[in-house]
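**Student:** Before anything else, here's the structure in question.
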């Protein structure tokens, strides 16, 4: 016996206890408020080194919410405070100035207090240090209290960046002093059209959880999730649990890995790293390449090119551990299944978790719990199934056919993961047409395999039944559909998983502003991402509609990506900062209507299958 021996023992009761512990952490009741959308800029835009100007800080609130002024009220709410850290490039002058706010009775503190609703702009005098050149970034720290009616509020501290580049030229005499006046106030806050998740959320917790549960079931059909089925079957078949009790424990541990990763880790990543934390994982090119290699390896195994054989000693050890109840393997298997799905499930998962970063934990936790439970349920059955499959008579040739067919699906999924890495790096090695041609070849061979026309080692081509023939014909037709799509035709909902085509829209926001001023048109911004499935669906199924195209003619159209790496990373980071400034969110997709001068008028968050709703947004 080793001097130190560590054993992992899990049971259904311990798994349940862990879930309850997570619930205690993440479901602590907190007031649910829409976060204030803060932004800052230095005015005038052509300020030079050594000149004075003004830091303009804007706050946008949802209807019904309000914050307090910078004036302290004895025994009252927390006043809004603003601090600027300009480093050596920027210094402030005086105190932040805000518009007049009449004092009125506060429904919570029961003392007169000055409030701002919908929108407010603060001004802060500033001077750019002489000799400052190139891009500069200052940090603005804001502490404020947000409330809605007489309910308990939320005191928050946020830090927003202020970026500026001093213009070239000597100091102008009439620009030497800092500006201390209150800047012009926006007429109103932009209208926000909430996405499907937020609309469902407003109907109550049970309806919201039901929506998330259905989303979890639908996500099983995506090309990042469905190919995990043979991996699950293969893993649990090789474990060969000796009893029903052991099989149930394995299945519960596997599902625990899925639920804990989605719910616990997902929320933790979002709270620690913000709404982009999970998106960063999903778009990581190295992780996508690793999963592509894994799926190709698994496909080769399913197609009989080789067999996974573990060393005898390790196999005996694993077998003995399974009898003892060691379930660490199934848990990590569940974690792997979850991480590999992030690329395709990121749209709904990212939207669910975005509000967790702003302090609201109950709805994101319960939504993720419902989503991951639906996602894990079929895998629970698959984890149980191999335990009984091994006891059946060896007459199931159909299982060999399923195994081979799933091998081809694994290869198709590997193309998707390679495409994600290609899109993020912008290497353009897998454009849409080549992607679909590769899928056509793989799917076509899979159909011919089912029809007995393609031999696979160890797979019997005799006695092909009617169900297999029907599926084979359907699969071959799908291959022709891929060829049809590669030649330019739209493939409907499948477009969500394909690389984006070259767009005719502008790709530069500054150029869009110039054109908007020249043509006196508002700007329509499509904030998108190369791996965003909902973005692709909207671009291929909503934008081409004639009623939508007619409405878009009234705008200057600009498309801004936010998730690319390499030579375009700095550009996309600026686009993401602009998105956060205009909308207060970084989840995708988001569509924003702004004036030629850059003021947000309204935005539409998320995708929608309802054309009338989207056209209504465009025509407001």
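The values are calculated or read from the model by the stated rules, or taken from the named source; none is laboratory data. Here the structure is a predicted model, which is why all the values come from computation and not from measurement. Quick reminder, even Gly has a Cβ in these numbers, built from the backbone with ideal geometry, and neighbours come from all protein chains shown.
**Student:** Out of 578, 582, 588, 568, report the one residue that is under 16 Å from the mean Cα position of the chain (by Cα) and outside any strand (DSSP E or B). Before the answer, list the steps.
**Tutor:** Numbers: 578 fails: under 16 Å from the mean Cα position of the chain (by Cα); 582 fails: under 16 Å from the mean Cα position of the chain (by Cα); 568 fails: under 16 Å from the mean Cα position of the chain (by Cα).
Answer to the check: 588.
**Student:** Next up: Within the group 487, 545, which residue is in contact (Cβ under 8 Å) with a residue 60 or more places away in the chain, under 27 Å from residue 435 (Cα atoms) and surrounded by fewer than 17 Cβ atoms within 10 Å (Cβ to Cβ)?
**Tutor:** Working: 487 fails: in contact (Cβ under 8 Å) with a residue 60 or more places away in the chain.
Among 487, 545, only 545 is in contact (Cβ under 8 Å) with a residue 60 or more places away in the chain, under 27 Å from residue 435 (Cα atoms) and surrounded by fewer than 17 Cβ atoms within 10 Å (Cβ to Cβ).
**Student:** Sticking with this structure for a sec: In this structure, does residue 282 turn out to be more than 18 Å from residue 377 (Cβ to Cβ), surrounded by 24 or more Cβ atoms within 10 Å (Cβ to Cβ) and either touching a strand residue (DSSP E or B) at 6+ places or on another chain (Cβ under 9 Å) or at pLDDT 60 or above (or both)? Give the steps one after another, and end with the answer.
**Tutor:** On the way: more than 18 Å from residue 377 (Cβ to Cβ): yes; surrounded by 24 or more Cβ atoms within 10 Å (Cβ to Cβ): yes; either touching a strand residue (DSSP E or B) at 6+ places or on another chain (Cβ under 9 Å) or at pLDDT 60 or above (or both): yes.
Yes, satisfied.
**Student:** Now for a separate question. Say we look at segment 490-525 and pick out the residues that are buried (at least 21 other Cβ atoms within 10 Å of the Cβ), touching a helix residue (DSSP H, G or I) at 6+ places or on another chain (Cβ under 9 Å) and in the same structural domain as residue 602 (by TED's automatic domain parsing); which of these is nearest to residue 416 (Cα to Cα)?
**Tutor:** So, considering only residues that are buried (at least 21 other Cβ atoms within 10 Å of the Cβ), touching a helix residue (DSSP H, G or I) at 6+ places or on another chain (Cβ under 9 Å) and in the same structural domain as residue 602 (by TED's automatic domain parsing), the one nearest to residue 416 (Cα to Cα) is 525.
Condition check ((1) under 24 Å from residue 293 (Cβ atoms); (2) outside the structural domain of residue 256 (by TED's automatic domain parsing); (3) at pLDDT below 75; (4) touching a helix residue (DSSP H, G or I) at 6+ places or on another chain (Cβ under 8 Å)) across all residues:
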{"site": "372", "(1), (2), (3), (4)": "no, no, no, yes"}
{"site": "387", "(1), (2), (3), (4)": "no, no, yes, yes"}
{"site": "398", "(1), (2), (3), (4)": "no, yes, yes, yes"}
{"site": "412", "(1), (2), (3), (4)": "yes, yes, no, yes"}
{"site": "424", "(1), (2), (3), (4)": "yes, yes, no, yes"}
{"site": "451", "(1), (2), (3), (4)": "no, yes, no, yes"}
{"site": "464", "(1), (2), (3), (4)": "no, yes, no, yes"}
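**Student:** Name, by its number, the condition in (1) crowded, with 20+ Cβ neighbours inside 10 Å; (2) in contact with a strand residue (DSSP E or B) (Cβ under 8 Å, 6 or more places away or on another chain); (3) touching a residue at least 40 places away in the same chain (Cβ under 8 Å) that does not hold for residue 533.
**Tutor:** (2)
**Student:** Tally the residues that are assigned to a strand (DSSP E or B) and either surrounded by fewer than 19 Cβ atoms within 10 Å (Cβ to Cβ) or modelled with pLDDT of 85 or more (or both), restricting the search to segment 102-113.
**Tutor:** Result for segment 102-113: 4.
**Student:** If we scan segment 561-570, do we find a residue that is touching a helix residue (DSSP H, G or I) at 6+ places or on another chain (Cβ under 7 Å) and on the phi > 0 side of the Ramachandran plot?
**Tutor:** Yes, segment 561-570 contains a residue that is touching a helix residue (DSSP H, G or I) at 6+ places or on another chain (Cβ under 7 Å) and on the phi > 0 side of the Ramachandran plot.
**Student:** Given the conditions (1) under 14 Å from residue 118 (Cβ atoms); (2) assigned to a loop (DSSP other than H, G, I, E, B), and given that residue 58 satisfies all but one, which numbered condition is not satisfied?
**Tutor:** The failed condition is (2).
**Student:** If you don't mind, there's one more thing I want to ask. Return the pair list, or none, for Cβ contacts closer than 6 Å from residues in segment 452-478 that are within 21 Å of residue 300 (Cα to Cα) to residues that are modelled with pLDDT under 85 and in a helix (DSSP H, G or I), at least 6 apart or on different chains.
**Tutor:** Every condition considered, the pairs that remain are 456/404; 459/400; 459/404; 460/397.
**Student:** Ok, one more. Across segment 562-579, which residue is surrounded by the most Cβ atoms within 10 Å (Cβ to Cβ) among those that are free of Cβ contacts under 8 Å to residues at least 40 places away in the same chain and more than 20 Å from residue 500 (Cα to Cα)?
**Tutor:** 574
Yes or no, residue by residue, for (1) surrounded by 20 or more Cβ atoms within 10 Å (Cβ to Cβ); (2) under 22 Å from residue 366 (Cβ atoms); (3) at pLDDT 80 or above:
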site	(1), (2), (3)
262	yes, yes, no
267	yes, yes, no
270	yes, yes, no
274	no, yes, no
296	no, no, yes
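**Student:** Right, next: Is one or more of the residues making up segment 124-140 within 17 Å of residue 68 (Cβ to Cβ), assigned by TED's automatic domain parsing to the domain that holds residue 76 and modelled with pLDDT of 80 or more?
**Tutor:** no
**Student:** Is there any pair with a first residue in segment 59-70 that is closer than 21 Å to residue 41 by Cα and a second that is at pLDDT below 80 and assigned to a strand (DSSP E or B) whose Cβ atoms are under 6 Å apart and which are 6 or more apart or on different chains, and what are they?
**Tutor:** 60/37; 60/119
**Student:** Looking at (1) in a loop (DSSP other than H, G, I, E, B); (2) under 35 Å from the mean Cα position of the chain (by Cα), find the lone condition where residue 99 falls short.
**Tutor:** (2)
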